[in-house]
Amino acid sequence: MSENAEHHGSRLYLYVWFWLLALTGVEVFLAYEHLPLKTMLVLLMSLSMVKAALIIAYFMHLRFEKRSLTLTLMPPLVICIILLLLFFFPDSLRLLELRPS
Amino acid sequence: MADVTTGWGGGAAPYAVNSKKLGMWLFVISDALTFSALLVAYSYVRMSNPNWPMPFEMDPAIIGATIMTFCLLSSSVTMVMAVSAAHRGLRATAAKWILATMAGGLAFVVLHTREWLHLIHEGVTPFQNPWGVPLFGATFFTLTGLHMTHVICGVVYLSVIAFGFGRGKFQSIDVEVSGLYWHFVDLVWMFIFPLVYLMSNKMP
């Protein structure tokens with residue numbers, strides 16, 4: 001842990017915590033807006049990815065580690081998740097469109 | 001041997017992290033893939049099912065889940081405080097912060113159990129429910145059950161670390177590694193909460 005990160009410590013973490021709570025609040029608010037299912041899914045997942053990034057970068061400290069660690073850990077994870085989505089989501093959205101209304 | 005490593009330079013420690021920390025990171029990535037598979041499976045049946053039940057009312061389910069999110073996020077902050085204290089060599093302070101983290105985790109488990117019992121009381125089980133969409137119970141209990149197992153394991157893990165570190169048994173790196181696990185459990189909930197609860201809320 002670098003001396004720099006140590007010093008800004010508490011205040012930085014509380015700041016991140018505040019943003020995580022604020023984004024959670026926005027998500028709960030959005031859940032009660034009458035939005036189409038697809039729009040809702042995209043909005044909620046985008047906000048959740050921002051929250052995940054904040055947790056990984058600051059709480060899990062990855063931002064302050066050597067860059068090579070991030071480059072080893074993150075690309076495989078992201079690629080696997082994108083592959084999962086590519087396999088399943090077009091199909092699931094097509095089923096959504098084919099619903100008898 | 002020493003000549004080889006010093007001569008080579010960068011090769012000796014490519015990540016410049018403790019091996020325990022690297023091990024925990026690798027575990028976290030593989031566990032993240034397990035949860036992504038379950039979340040994608042859940043989202044698939046959720047999106048493509050026209051009669052998906054929306055049983056989560058504002059009170060108690062959504063408010064409860066929001067409080068649970070608050071508990072986990074706050075316990076993550078107390079965990080970073082514990083790691084920070086541990087690195088400064090303040091063993092008793094670090095142990096107290098870890099105990100605060102465990103309290104957040106336990107509050108989560110209690111609230112989640114209450115939520116489960118509420119649903120079971122309404123007739124939702126992994127195999128059937130009153131709304132005639134058995135996949136709802138199956139995916140809900142699998143997803144939240146695996147996550148709750150992680151939280152309970154995390155509380156046990158943290159208790160071992162807190163008492164061990166308080167008595168001078170572990171190094172500060174052990175506290176940091178347990179913190180990585182705890183933040184990961186928090187991170188997974190950040191996806192379960194919107195996908196399971198917010199996407200199936202009962203509109204007033």
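Any read-out appearing in this document is the output of simple, stated calculations on the displayed coordinates, not a laboratory observation. Note that this is a predicted model, so its numbers are computed, not measured. FYI the Cβ positions are ideal-geometry reconstructions off the backbone, even for glycines, and counts take in every protein chain you see.
Ranked highest first by the average count of other Cβ atoms within 10 Å around their residues, in what order do A:70-82, B:89-101, A:15-27 fall?
Per-residue Cβ counts within 10 Å, averaged per peptide and sorted highest first, yield B:89-101, A:15-27, A:70-82.
Rounding to the nearest 10 and keeping the result within 0 to 90°, find how far the Cα-based axis of helix B:91-121 lies from the longest principal axis of chain B.
Roughly 20 degrees, rounded to the nearest 10.
Across the residues of A:52-63, average count of Cβ atoms on other protein chains within 10 Å?
What the average comes to for A:52-63 is 5.
Going by amide H atoms built from the backbone, whose H comes under 5 Å of the H on residue B:133, apart from near neighbours?
none
Which order do the peptides A:51-63, B:145-157, B:66-78 take when ranked by the mean count of other beta-carbon atoms within 10 Å per residue, highest first?
For the peptides A:51-63, B:145-157, B:66-78, the packing ranking is B:66-78, A:51-63, B:145-157.
Residue by residue through B:59-69, how many Cβ atoms from other chains fall within 10 Å of the Cβ on average?
Going residue by residue through B:59-69 and averaging, the value is 2.
Return the average number of partner chain Cβ atoms within 10 angstrom of each residue Cβ along peptide B:17-30.
Going residue by residue through B:17-30 and averaging, the value is 2.
Can you work out the base-10 log of I(q)/I(0) for region B:61-152 at q = 0.20 1/Å, using the Debye formula on its C-alpha atoms alone?
-0.92
If one takes the longest principal axis of the Cα atoms in chain B, at what angle in degrees, from 0 to 90 and to the nearest 10, does the Cα axis of helix B:172-192 lie?
Tilt of helix B:172-192: around 20 degrees.
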